[in-house]
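For reference, the structure discussed in these notes is given below.
The values are calculated or read from the model by the stated rules, or taken from the named source; none is laboratory data. Everything numeric here is computed off the predicted structure, so don't read it as measured data. Cβ atoms come from the backbone with ideal geometry, glycine included; neighbour counts cover every protein chain shown.
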Amino acid sequence: MKFQQILQSKHAPKMPSLMEPGMEFILLLSGLVSKEMREAVIASIYPAICSLVRNTRFVYQSNEVLGLCGMLGCLVGVSGIGKGELTRLSKIVTRRLRQHDDETLQKYLAYQKQYEKQKGTNKTKEECPDLYYLAPPSNCTGPAFTKNAMACEKAGNYTFYVNIPEIEMLNSLCGGHKKISETLRGIFDEEKLGALRATADGVTGNPTLRVNINASTTPGEARKFFRNDMHNGTWNRFMCVYKEQGERSGKIPVQGILDDEKQQQIDEYLKRLSAYEGTHRIAELDNVIARLSNDMAEYANLTDSNEFFTLSHRTLIIGYKVGCLLWLLNDCRWTPAMAKHVEWLVAMDLWSKYQVYGDKISENEFSAIDDSIKAGPKNLLDNMPKDSFSLTEFEEMCRQHQTKTEAKGLLKNYKKRRYIEYCRQTGLYTKTPRYLKMIGR
């Protein structure tokens, strides 16, 4: 994958065609979104869909067994651009979850009514049933979030889904902004909540966090929200989708109409997800992830960017989980179109993060908010204007760009990867045809 062209571009990577085998369900969903927001919403919807997968797990290349929970998505765009379309599509996808929650609420109201009748009598009070919500409201407090995680675990390790229209509402969900980093890292890594609290009913539980979250915000608020979490691994656990502002137009975006036939088709696809069980390994997806990992390592070496290399690890996990979901939706069959889609999502995530946070990724502290477009790390060899150059010229370029690795070390790495060749007679380094082809020359 040509990360140089993708990350230096001011425009988002273009979504591959959905008119190919294996992408029928995603094509069905895309028809419900306006043309203007289609790519951004489709890239953001996967946390909602993954919430319907329950007893299915997958073996990652590291041999770590992953579930399809811990999916964190953040749609970033200026106010009024159309981020509400994600909320609409997520409600369509999670319709069965919300139906379950409506029934759960009625059960709780019935219990509450019975409890009030028995109040003040000598009758033994009925215990409150273990009720759990699969799509709780966004305005959820920290204690309610913990209690629901406990109930979902007890009921059978269910994953619940939360759609948050404004990212600031995560403060309430996590029990305060100081708990943001701890909670979100626990969700992504599918870890225990990591806390016990004494209450009037005894000591609270310590459930495994099986949660998927979608959030929306503006570029300025996104940078402000994560200003203290840029270098502790919190913000890069989110799948970031940045929707750039288009041209000013009087045309109103038109969304697709959801009729009974389309809803039935969607429900049929989603029923498959809850029916699958077991642990799987997808060889074709492993090959895609291995290739992307190698391409990312090459680009990190070309740009001498430890930040990009670190950032790529979790992006690969996000892409891997989406690939697993697509495989399930297609009756456990892999197609080339799925590989293209996973590659696009990985590119979209990295491009979006550099657009929103680019100038802060390599800084140690957060400075003033600036919504200007940011590019990814630049290829160091591109800073050499000539295809042939001397060691002295390269060392001078490294001093100007304050590279972390010494010039000789970089050149040794480039020679090993066959990006350059060295001529002892002239003492010059020359860019190889392989490297020139890789950068599109």
Residue that is nearest to residue 70 (Cα to Cα) [pool: residues in region 232-269 that are of a type in the set (Ser, Thr, Tyr) and surrounded by 13 or more Cβ atoms within 10 Å (Cβ to Cβ)]: 234
Scan of region 294-312 for residues that are exposed (fewer than 14 other Cβ atoms within 10 Å of the Cβ) and either without any contact (Cβ under 8 Å) to a residue 40 or more places away in the chain or within 15 Å of residue 435 (Cβ to Cβ) (or both), ordered by number: 294
Count of region 10-26 residues which are over 19 Å from the mean Cα position of the chain (by Cα), among the hydrophobic types (A, V, I, L, M, F, W, C) and within 12 Å of residue 337 (Cα to Cα): 3
Selected residue (criterion: nearest to residue 234 (Cα to Cα)) from residues of region 72-81 that are out of contact with any Phe, Trp or Tyr (no Cβ under 6 Å at 6 or more places or on another chain) and either of a type outside the set (Ser, Thr, Tyr) or not in a loop (DSSP other than H, G, I, E, B) (or both): 73
Residues (in a helix (DSSP H, G or I), of a type outside the set (Lys, Arg) and within 21 Å of residue 97 (Cβ to Cβ)) located in region 243-271: 260, 263, 264, 265, 266, 267, 268, 269, 270
Top-ranked residue of region 110-141 - restricted to ones that are at pLDDT 85 or above and over 25 Å from residue 75 (Cβ atoms), ranked as surrounded by the fewest Cβ atoms within 10 Å (Cβ to Cβ): 131
Any hit, region 49-63, residues being under 29 Å from residue 275 (Cβ atoms), modelled with pLDDT of 95 or more, in a helix (DSSP H, G or I) and of a type outside the set (Asp, Glu): yes
Members of region 23-36 that are under 23 Å from residue 260 (Cα atoms) and part of a loop (DSSP other than H, G, I, E, B): 23, 31, 32, 33, 34, 35
Selection within region 281-293 - touching a strand residue (DSSP E or B) at 6+ places or on another chain (Cβ under 9 Å), buried (at least 16 other Cβ atoms within 10 Å of the Cβ) and either of a type in the set (Val, Ile, Thr) or not in a helix (DSSP H, G or I) (or both): 282
